[in-house]
Amino acid sequence: MIIDHLEEPLPGSSLLPTPSGDAYTDPEIFGTEQTEIFEKMWNCVLRADALPAPGHWQKATIGREEIIVVHTRKAGIQAYFNVCAHRGMRVCTAESGKNKTLQCGYHAWTYALEGDLVAAPNLTSMPDVDRKEYGLKPVHVRQWLGYVWVCLAEEPPDFEQEVLGEVRTRFGEVESIDNYGIENLKLGETKTYDVAANWKLIIENFMECYHCATIHPELTEVIPEFADGLASQRKNGEVHGSNFGEEIQGFTVDGTASGVAELPAIAPDQDRKYFAITVKPQVFINTVPDHVIIHRTFPVSESRTVVECDWLFLPEVVEHVQAGELDISKSVELFHRVNQQDFQACELTQPSMSSAAYASGGALVPSEHHIQEFHSWWYQRLGLQAPLPAASGSEKVA
């Protein structure tokens, strides 16, 4: 694996370098990312309330692995590799379902919701078979913010430090994420985007607002300071609450009032403000006074990423929406347009990653310098060396 990396800053400028183009196109690099990032870290996979009762299950893909997330009878929500212990066939072949047990369709090996092997042809004639050892292989599970988070590693990283620590540190003592009560909110709308772009382009796009004045007219109307190119996310983990415009009544596509009740516990410093953070490797959290938007990214290949976006509101708001008594479409439409605009930009960027003109990478302007923290993290996760000293020029780093 070869990565070009320029010294920093670029000569005679305030620009900082990005990774080289092949970081976004090389299947070998993508495979290493799957192994060293997505298959070793905590990933947010689905809403816990998508599995409301025992027997409900849903598949998810993390890295190169497919897993089953299931609501068990005895142990709450658990997750397993979707691999039969007998001959390896997928146990669950539909995307989701509800069953009393989980049965492989090849030789009818049958598993309890808790993962143990409970039945198979002629199993009674094999009393030496350990039902737990030959059960489904478990995956580490945590619940937070009303979502199910999983880690495929045998020894998962500390959730408190890697996930909760990052979020709470970035929100600070006053701008606490806990004030939004996200775990108690309900799903008002969800949309899935199939983006023909590398996952890192999507992360980088989300972290900066240098592009906002160019492609986000609705967003900069609601939050005028975004037109200046400064994002809510800043260098050294600082998160800045971005103010609504003086005449703006709500975080809606036209800036009018949403008609939706505000979240009751937000602090005064969170009112009429938008906050955004990235939880590496694949979650974006956006908060406004009356709802929360959460993106989950799932890399499929070096040039394709699926993004699932949820709009979360108070339970009573969702009840009124379902009864046809309340319309949240203006709230949803604002960030839906932002998503479409962002993902189109990423898709138009992806082909250039393989161009000779981008072989050595691009540049970050000062308002994007915080993205270098993401790049440094990426180099470290992949076991790549730090940038070379200035005298070495643009030599290769293996």
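Results for (1) touching a Phe, Trp or Tyr at 6+ places or on another chain (Cβ under 6 Å); (2) at pLDDT below 95; (3) closer than 14 Å to Ile223 by Cβ, shown as yes or no for each residue.
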site	(1), (2), (3)
Glu238	no, yes, no
Gly250	no, no, yes
Pro268	no, yes, no
Ala276	no, yes, yes
Gln282	no, no, no
Asn286	no, no, yes
Thr297	yes, no, no
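Of the numbered conditions (1) surrounded by 15 or more Cβ atoms within 10 Å (Cβ to Cβ); (2) modelled with pLDDT of 95 or more, Glu319 satisfies every one except a single condition; which is it?
Status for Glu319: all satisfied but (1).
How many of the residues making up the range 220-235 are free of Cβ contacts under 8 Å to residues at least 24 places away in the same chain and hydrophobic (A, V, I, L, M, F, W, C)?
Count: 2.
Among the candidates Arg296, Arg304, single out the residue that is surrounded by fewer than 18 Cβ atoms within 10 Å (Cβ to Cβ) and either in contact with a Cys (Cβ under 7 Å, 6 or more places away or on another chain) or not aliphatic (A, V, I, L, M) (or both).
The unique qualifying residue is Arg304.
For the range 270-281, which residues satisfy the criterion of being within 27 Å of Asn205 (Cβ to Cβ) and either touching a Pro at 6+ places or on another chain (Cβ under 7 Å) or not in a loop (DSSP other than H, G, I, E, B) (or both)?
Those that are within 27 Å of Asn205 (Cβ to Cβ) and either touching a Pro at 6+ places or on another chain (Cβ under 7 Å) or not in a loop (DSSP other than H, G, I, E, B) (or both): Gln270, Arg272, Lys273, Tyr274, Phe275, Ala276, Ile277, Thr278, Val279.
Would you mind stating whether Glu183 is more than 30 Å from Ala363 (Cα to Cα) and either at pLDDT 95 or above or β-branched (Val, Ile, Thr) (or both)? Break it down into steps so the answer makes sense when it comes.
Details: more than 30 Å from Ala363 (Cα to Cα): yes; either at pLDDT 95 or above or β-branched (Val, Ile, Thr) (or both): yes.
When the stated conditions are applied, Glu183 passes them.
Residue by residue, here is whether (1) in contact with a strand residue (DSSP E or B) (Cβ under 6 Å, 6 or more places away or on another chain); (2) charged (D, E, K, R); (3) in a helix (DSSP H, G or I) holds:
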{"residue": "Ala108", "(1), (2), (3)": "no, no, no"}
{"residue": "Pro127", "(1), (2), (3)": "no, no, no"}
{"residue": "Asp130", "(1), (2), (3)": "no, yes, no"}
{"residue": "Leu136", "(1), (2), (3)": "yes, no, no"}
{"residue": "Gln143", "(1), (2), (3)": "no, no, no"}
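Condition test on Glu162, is it touching a Phe, Trp or Tyr at 6+ places or on another chain (Cβ under 9 Å) and over 18 Å from Ala276 (Cα atoms)?
The answer is no for Glu162.
The values are calculated or read from the model by the stated rules, or taken from the named source; none is laboratory data. This structure is a prediction, so every number in the text was calculated from the model and none was measured. Every residue, glycine as well, gets a Cβ built from its backbone with ideal geometry; the counts of neighbours run over all protein chains shown.
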